[in-house]
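Step one of this worksheet: look at the structure below.
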Amino acid sequence: DIMSAPGVGPVLARHFELMLGARAQMLVNRSLGFYNEHRYAECLDTAKQAIALKPDSAAAYNNVAAASAVLGRWQDAVDAATEALRIDPAFTTARNNLAWAQGELAKARSAPR
């Protein structure tokens, strides 16, 4: 705990970054758990909380993409998967989610109204 003994050493910005990163990872894991439990709105909200703490979390953006897709929010899914791939171009699951969302978005746009 970096705050329990302030007289021992300096509290550095990187200490807070480590704490935020750990909290963000916990939220990513929780959001994945919600997804696996078919609690998609909670998955989405929790992944967005992770992004607020760690904007470079490809996993959090991928969870947003997956939950958005299941909820039929195809453009949101495309945007989130695209961001996940911008952060981590080798993220295969995000690439698969992007392809799924793009395909469904194309179907939705071409469907007769």
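Coordinate-derived values only; no laboratory data. Please read all numbers here as calculations on a predicted model, not as lab measurements. For neighbour counting, all protein chains shown are included, and Cβ atoms are generated from backbone atoms with ideal geometry for every residue, glycine included.
Summary of computed values
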read-out	value
Zone residues, segment 54-74, relative to Thr93, backbone N less than 16 Å from point 7 Å out along Cα-to-Cβ	57-70
Estimated Rh, segment 25-75: Kirkwood, alpha-carbon pairs, angstrom	10.2 Å
Relative packing of peptides 77-83, 40-46, 103-109 - highest average C-beta neighbours within 10 Å first	77-83, 40-46, 103-109
Net +/- balance of residues flanking Asp56 in space, Cβ distance below 10 Å, scoring K and R +1, D and E -1	0
Between segment 95-113 and segment 40-83, the Cα center-to-center distance that results, in Å	17 Å
Within-15-Å neighbourhood charge of Asn97 [Cβ basis; K, R +1; D, E -1]	-2
Scattering profile of segment 65-107 at q = 0.34 Å⁻¹ [log10 I(q)/I(0), Debye over alpha-carbon scatterers]	-1.15
